[in-house]
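The values are calculated or read from the model by the stated rules, or taken from the named source; none is laboratory data. Bear in mind that the values here come from a model prediction, so they are computed numbers and not experimental data. Because the Cβ atoms are built from the backbone with ideal geometry, glycine has one as well, and the counts that use them run over all protein chains shown. SASA here: full protein model, heavy atoms, side chains in, ligands and nucleic acids out. Shrake-Rupley method; radii C 1.70, N 1.55, O 1.52, S 1.80 Å.
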Amino acid sequence: GENVEQHPSTLSVQEGDSAVIKCTYSDSASNYFPWYKQELGKRPQLIIDIRSNVGEKKDQRIAVTLNKTAKHFSLHITETQPEDSAVYFCAAKWDTGTASKLTFGTGTRLQVTL
Amino acid sequence: DTEVTQTPKHLVMGMTNKKSLKCEQHMGHRAMYWYKQKAKKPPELMFVYSYEKLSINESVPSRFSPECPNSSLLNLHLHALQPEDSALYLCASSHPKGLAGGPVTGELFFGEGSRLTVL
């Protein structure tokens, strides 16, 4: 099965700085890589995703890069704000039969300080 | 309607009780999922239903019994649970792989979760 590693487990940045979270996956059949933000006591919310045929995607302050050869993908947040503080999960999806499995990384707790 | 609705939001049960968690979506999704999330951990896949058939069971103990009565509903029946089963149970839905005309990304839409406490 798929194994997704995520680093770092905690990240503290000052407001306005950039934050980078990195993930690696094991199954080359994985074809979809979403990133979720989860605030305390709430559900994971999709913030950006990338398909395996795309190398980079950007949405305002958030960008994701994918290196299929190396099997790693990264989340970049620029101009961080206090409301970016949350736990971020990367994930990798692979298909089996008629169903798909989404496996999550271990999570990164991001703290944006004033 | 882009919501996945889960009930109840909170559930406290004893180890001898039988209870059920319910999940509903009206987005026409034909894949539905149960995930379990312990505190400070990532969601862990439990079950996947595709076109109302159980497609994936991640070796979940039989005290958890999923049911998909129709394409909009997903239940998780709970019986003889242990205190370590206390967690946030998340339901999600998506278009299944290969659905003609549907989104190809496979984005999962999560419900708000049911927080379960087993005493």
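Observations on the structure shown:
- Test: residue in the range A:49-58 that is more than 25 Å from B:His29 (Cβ to Cβ), hydroxyl-bearing (Ser, Thr, Tyr) and in a loop (DSSP other than H, G, I, E, B): no
- Any chance B:Leu45 is in contact with a Gly (Cβ under 6 Å, 6 or more places away or on another chain) and modelled with pLDDT of 90 or more: no
- Whether a residue is open to solvent by 70 Å² or more (accessible area, probe 1.4 Å), under 23 Å from B:Ser94 (Cα atoms), assigned to a strand (DSSP E or B) and within 14 Å of chain B (Cβ to nearest Cβ) was assessed, and A:Lys37 does not pass this test.
- Of all residues in the range B:1-59, those that are surrounded by 14 or more Cβ atoms within 10 Å (Cβ to Cβ), touching a residue at least 24 places away in the same chain (Cβ under 8 Å) and acidic (Asp, Glu) total 1.
- Within the range A:75-107, tally of residues that are within 8 Å of another protein chain (Cβ to nearest Cβ), under 12 Å from A:Pro34 (Cα atoms) and either surrounded by fewer than 21 Cβ atoms within 10 Å (Cβ to Cβ) or among the hydroxyl-bearing types (Ser, Thr, Tyr) (or both): 1
- Considering the conditions (1) open to solvent by 60 Å² or more (accessible area, probe 1.4 Å); (2) away from chain B (no Cβ under 13 Å); (3) under 30 Å from B:Tyr49 (Cβ atoms), A:Leu66 is excluded by exactly one of them, (1).
- The range B:60-97, residues that are part of a loop (DSSP other than H, G, I, E, B), in contact (Cβ under 8 Å) with a residue 24 or more places away in the chain, open to solvent by less than 60 Å² (accessible area, probe 1.4 Å) and closer than 16 Å to B:Lys19 by Cα: B:Ala80, B:Leu81, B:Ser86
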